[in-house]
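The values are calculated or read from the model by the stated rules, or taken from the named source; none is laboratory data. Everything quoted here is computed from the prediction, not taken from an experiment. Cβ coordinates were reconstructed from backbone atoms using ideal geometry, including for glycine residues, and neighbour counts include every protein chain displayed.
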There are 2 protein chains.
Amino acid sequence: MEAIKNFDELIDHLRIRGNRKRVAVVWPEDQATQMAVSRALEVGFIDSVMVGCKEQCLSNKVLMRHSDNITFVEAADSDEAAAKAVKLVRDGNADILMKGMLNTDNLLRAILNKEYGILPKGNVLTHITASEIPAYPKLLFFSDSAVIPYPTLDQRAAQIKYLAYVARAFGIAQPKIALLHCSEKVDERHFPFTVGFKELIARACNGEFGPCIVDGPMDVKTACSYKSMLKKHIESPINGEADALLFPDIEAANMFYKTIGLFCGASTAAVLQGTVAPVVLPSRGDSIMSKLYSLALAAL
Amino acid sequence: MEAIKNFDELIDHLRIRGNRKRVAVVWPEDQATQMAVSRALEVGFIDSVMVGCKEQCLSNKVLMRHSDNITFVEAADSDEAAAKAVKLVRDGNADILMKGMLNTDNLLRAILNKEYGILPKGNVLTHITASEIPAYPKLLFFSDSAVIPYPTLDQRAAQIKYLAYVARAFGIAQPKIALLHCSEKVDERHFPFTVGFKELIARACNGEFGPCIVDGPMDVKTACSYKSMLKKHIESPINGEADALLFPDIEAANMFYKTIGLFCGASTAAVLQGTVAPVVLPSRGDSIMSKLYSLALAAL
C-alpha cells in the first residue's frame, strides 16, 4: 500500500476499499454532525446508527436520501443517548462512536463508566490528531491536544504505540515519531521529561511499539525541516521528515493544534484511542470537513 | 502616533525618526550578524560598537562602508568580549546589547553577573517576541519562548508589564493581552495556572501594568479570531484581536514560535527585557532579517 498523504487520498482510499464501518452517533441534533455523516454515507465508508430523536434527524433532507444506510435508536435525552451508543459499541454492534450535540464530559462519563464503559482496564485513553498542513508534504499525526494534560512515562509509551499504529494504517511502513521539546538537550534539572525520552527511544529500538523510529528531544522545526536540522548541527534519524509528533504537554499540543488551524490553513481530523473502538469527539468549533475527516480516520 | 503594524513600518518609522542608538555587538564574527548590523547602519537607526576582532570585522566590505558609525573594542575571545560589552552598557556607553557568534549561556553569565552584570536586583529577565504572521492583520507580541520555563505569578506579572510597555511603544494605546491556556475554564485542580490568571486580570484592572486590557484563560484561536470567539460563545474584551499573548509555559510558547516560522511564513524579532538595556539574543538559526528586526525592536 502506498502511503496516504492527505485527506483527499484518505477519502478516495475508503471509497475504493468499499466496506462500511458502523458508526453510533450520539445525539446528532446539529447540522454539522448530520452533514458530516451524510457525506460519509455518500462516499460509502459508513453505515450509521443515529442515537437520539429520529424525527429531528429526518428533518434533514440530505440524511433521508441515505435512509437505507441509517438506523435509529430512540433516546429521550443526550445522557440516555450516550449510554445507549456506548452499549452498542460494547456489544459489538457498532465499530465507531461519534459525539454529536452534547457536552464532551457527559460522553466521556459514559465511555469511562467502570461497569458499562468501553475503556478496558489498564488502557490509556488519549487523543490523536491527523493534520494536513499546506506547507508540509504529508500528513502529520500528533498527541495529545485534548485529553492527557501532563503525560506520565507510561502514558507517553501508550501514545507512541497508538501514533505508530495509526501512521502504519496510513501506509507508512516505519513512521518517524519525534519527541518534541523546546530544547534538544536532555536536562534532568530544568526539563525532567527529557530524561524519560531516552528510555522511550530505547524501548522503541527494542521493538516495543512495532516498526517505527523514535527520537528526541527536538523542536518542531528540527522534526519537520531537514534544513533546520542541518542548521542546528543535529543528527537524527527523524531527518526533518517526521510523520508524528509527541508533544511534551497539553499546552504545547493544543497551541499547535489551534495555531495550524488559525494561521496555517491546516485541516485536521481527530480520534480518541485506547477504547475498544475509536471515538470521534469533535469540538464545538470544528467544521463539517473536519468531522468528515475524523470519521474517515476512525474508519480506516 | 499611528500603530506600527508590521516590520517594514517599523523600519520606516526608525528611518524617519532618525536618531541612532548605540549597539554593543558581542563577538560579531559571523556573516549574518555583520549583515544585520550593516543593514541597520544603512537605515540609520544605530551606531555600532563591535566588541571583538577589528580585523575580522573589516574583512566584510559591507561594514567598511559604514565605518563612520562603527567603533571597535578589541577582545581576545568571546568571553572577554561579553564582559567588555556588558560593561559598556552598564557604564551608559551603549543602549543595546547584541549577541554575535558565541554561546547564549556565556553571554547570559556576563549579563547576570552579580557584581558586573546588567540585571538590576529584583528585576525579572524575560524574552519578548514580536511576530508578523501573514494571516494576522497586525504584529503579535508574546512571552516567553526562551528564558523562563514555567513562570511564577510574579514573573507573569512582570511579563505582562513588559508586553504592555513594548506594545505601547509600537503606538498601540491600550494593548490587548491574552492569557493563553488550552482551556477557557478556570480549573484549580487540573490547571493551577488558571487560578492565578484571575489575580493578574484584577491587577491589570487596577492599572498596575499601565494602559492595557488583560483577559483569559483562552486559547490562541479565541484570542486572535473574532469568529472563533463567537463560535465558542465566549465574551471577552480581547475581542479576537489580541496584540499580545502570554503563554502558559515555555513548551507552548516555543512551539508557537517555531510553528509560525516553519508553517505560517512568519517573521519574528526578539529581545530580552528586564536588563538595564534591551538585549538582542538571536538563536543560531535566525535569518539576517530576523536579526535586523530584533535590532529595530530594541532600538524603538
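None of A:I201, A:I128 is of a type in the set (A, V, I, L, M), away from chain B (no Cβ under 14 Å) and in a helix (DSSP H, G or I) except A:I201.
Inspect the stretch A:27-42 for any residue being outside any helix (DSSP H, G or I), surrounded by 18 or more Cβ atoms within 10 Å (Cβ to Cβ) and not charged (D, E, K, R) and give the result as yes or no. Looking through the stretch A:27-42, at least one residue is outside any helix (DSSP H, G or I), surrounded by 18 or more Cβ atoms within 10 Å (Cβ to Cβ) and not charged (D, E, K, R).
Within the stretch B:58-86, the set of residues being assigned to a helix (DSSP H, G or I) and farther than 21 Å from B:N106 by Cα comprises B:L58, B:K61, B:V62, B:L63, B:M64, B:S67, B:D68, B:N69.
Within the option set A:H190, A:H181, being free of Cβ contacts under 8 Å to residues at least 12 places away in the same chain and within 14 Å of chain B (Cβ to nearest Cβ) holds for one residue only, A:H190. Whenever a residue of the stretch A:279-300 is surrounded by 21 or more Cβ atoms within 10 Å (Cβ to Cβ), its partners that are among the acidic types (D, E), lying with C-beta atoms within less than 9 angstrom and at least six residues away or across chains, give the pairs A:Y293/A:E132; A:S294/A:D286; A:A298/A:D95; A:A299/A:D95.
For the structure I just gave you, tell me whether A:L97 is in a strand (DSSP E or B) and more than 14 Å from chain B (Cβ to nearest Cβ). The answer is yes for A:L97. The single condition among (1) in a loop (DSSP other than H, G, I, E, B); (2) within 16 Å of the chain's Cα centre (by Cα) that A:R168 does not meet is (1). Taken as a whole, the condition of being over 30 Å from A:A94 (Cα atoms), modelled with pLDDT of 95 or more and assigned to a loop (DSSP other than H, G, I, E, B) does not apply to A:A223. When we screen A:V271, A:V280 for residues that are in contact with a Pro (Cβ under 9 Å, 6 or more places away or on another chain) and away from chain B (no Cβ under 13 Å), the only hit is A:V271.
Residue count for the stretch A:283-300 under the criterion of being away from chain B (no Cβ under 14 Å) and of a type in the set (S, T, Y): the result is 2. Taking the stretch B:250-268 as the range and being facing chain A (nearest Cβ under 8 Å) and surrounded by fewer than 21 Cβ atoms within 10 Å (Cβ to Cβ) as the test, only B:G265 passes.
Checked against (1) within 14 Å of chain A (Cβ to nearest Cβ); (2) of a type outside the set (F, W, Y); (3) on the phi > 0 side of the Ramachandran plot; (4) assigned to a loop (DSSP other than H, G, I, E, B), B:G207 passes all but condition (1). Which condition number does B:K84 fail, the rest of (1) in contact with a helix residue (DSSP H, G or I) (Cβ under 7 Å, 6 or more places away or on another chain); (2) under 19 Å from B:I118 (Cβ atoms); (3) not hydroxyl-bearing (S, T, Y) being met? That leaves (1) as the condition not met. All conditions but one from (1) away from chain A (no Cβ under 14 Å); (2) not in a loop (DSSP other than H, G, I, E, B) apply to B:G122; the one that does not is (2).
Does at least one position in the stretch B:43-54 carry a residue that is within 23 Å of the chain's Cα centre (by Cα), free of Cβ contacts under 8 Å to residues at least 12 places away in the same chain and over 15 Å from B:L292 (Cβ atoms)? No, the conditions are met nowhere in the stretch B:43-54. Against the list (1) without any contact (Cβ under 8 Å) to a residue 24 or more places away in the chain; (2) exposed (fewer than 14 other Cβ atoms within 10 Å of the Cβ), the condition A:A169 fails is (1). So, A:S294, is that one part of a loop (DSSP other than H, G, I, E, B) and in the same structural domain as A:F45 (by TED's automatic domain parsing) or not? No, not satisfied. Might you let me know whether the stretch A:270-278 holds any residue that is in a loop (DSSP other than H, G, I, E, B), among the polar types (S, T, N, Q), surrounded by fewer than 23 Cβ atoms within 10 Å (Cβ to Cβ) and touching a residue at least 60 places away in the same chain (Cβ under 8 Å)? The answer is yes; a qualifying residue exists.
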